[in-house]
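Enquirer: Quick one: structure below, then a few questions.
The values are calculated or read from the model by the stated rules, or taken from the named source; none is laboratory data. Everything quoted here is computed from the prediction, not taken from an experiment. Don't worry about glycine lacking a Cβ; one is built from the backbone with ideal geometry, like all the others, and counts go over all protein chains shown. Accessible surface is based on the protein model in full, side chains and every heavy atom, while ligands, DNA and RNA are left aside. Shrake-Rupley method; radii C 1.70, N 1.55, O 1.52, S 1.80 Å.
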Amino acid sequence: MTLAEYRKRRGMEAPAGDAHTGSDAHAERHPGPLEYIQIGTVLAVITGIEVGIYYMGLSRALLVVGLLGFSATKFVLVVLWFMHLKFDHPLFSTMFVMGFMLAAAIFAVALATIDGKLV
């Protein structure tokens with residue numbers, strides 16, 4: 001149930017100037033089933049490329065960089081479409097990116113303190 005539907009149920013008026021309150025406006029902004037199938041196909045192709053890269057026998061550094069790049073691409077696609085951040089208020093995207101950057105920074109510091117050796 002969206003906030004707009006909840007407000008209608010309770011007999012409350014939607015705030016003036018709020019573009020996200022109408023269910024029709026909300027439905028227009030989100031992708032349809034075809035776009036989800038396209039994104040899923042892209043994610044499957046990227047996963048296939050990752051598996052192929054692993055079995056190509058590349059150097060360790062090139063393998064890690066390639067897999068991290070493809071994984072980051074998949075991560076961005078999932079966050080934007082399946083978590084709907086692309087269609088929500090920009091504040092949510094900003095909060096997510098800032099939290100992710102903080103987590104990445106903490107991981108980098110932790111990795112640096114153990115000299116980059118995870119095992």
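Enquirer: Compute and list, largest first, the equivalent-ellipsoid semi-axes of the range 30-84 from the alpha carbon gyration tensor, each √(5λ) rounded to a whole angstrom.
Expert: On the way: eigenvalues 141, 28, 4 Å².
One finds semi-axes of 27, 12, 4 Å for the range 30-84.
Enquirer: Still on this structure, please answer the following. How many nm separate the modelled label positions at M56 and L43, each set 7 Å beyond the Cα in the direction of the Cβ?
Expert: 2.4
Enquirer: Starting from the 7 Å offset along Cα-to-Cβ, what nm value, one decimal, do you get for the label separation of V76 and R9?
Expert: Simple spin-label model gives 3.8 nm for this pair.
Enquirer: Please list the radius of gyration and Dmax for the range 25-119, considering alpha-carbon atoms only, with Å as the unit.
Expert: 16.9, 51
Enquirer: Can I ask one more? Would you mind classifying the range 74-119 by shape? Square roots of the alpha carbon gyration tensor eigenvalues, ordered a ≥ b ≥ c; an a/c under 1.5 is rounded, otherwise it is prolate if a/b is larger than b/c and oblate if not. Write out the running numbers ahead of the final one.
Expert: Values: a/c = 6.31, a/b = 2.33, b/c = 2.71.
Oblate, since a/c reaches 1.5 and b/c is not below a/b.
Enquirer: With r defined as the distance between the Cβ atoms of A112 and L91 and R0 fixed at 25 Å, what FRET efficiency is calculated, to the nearest 0.05?
Expert: Details: r = 32 Å, r/R0 = 1.26.
The pair A112/L91 has a calculated efficiency of 0.20.
Enquirer: Within the accessible area of the range 53-110, what % is carbon and sulfur when the probe is 1.4 Å and the other protein chains stay in place? Write out the running numbers ahead of the final one.
Expert: Details: 3480 of 4320 Å².
That fraction is 81 percent.
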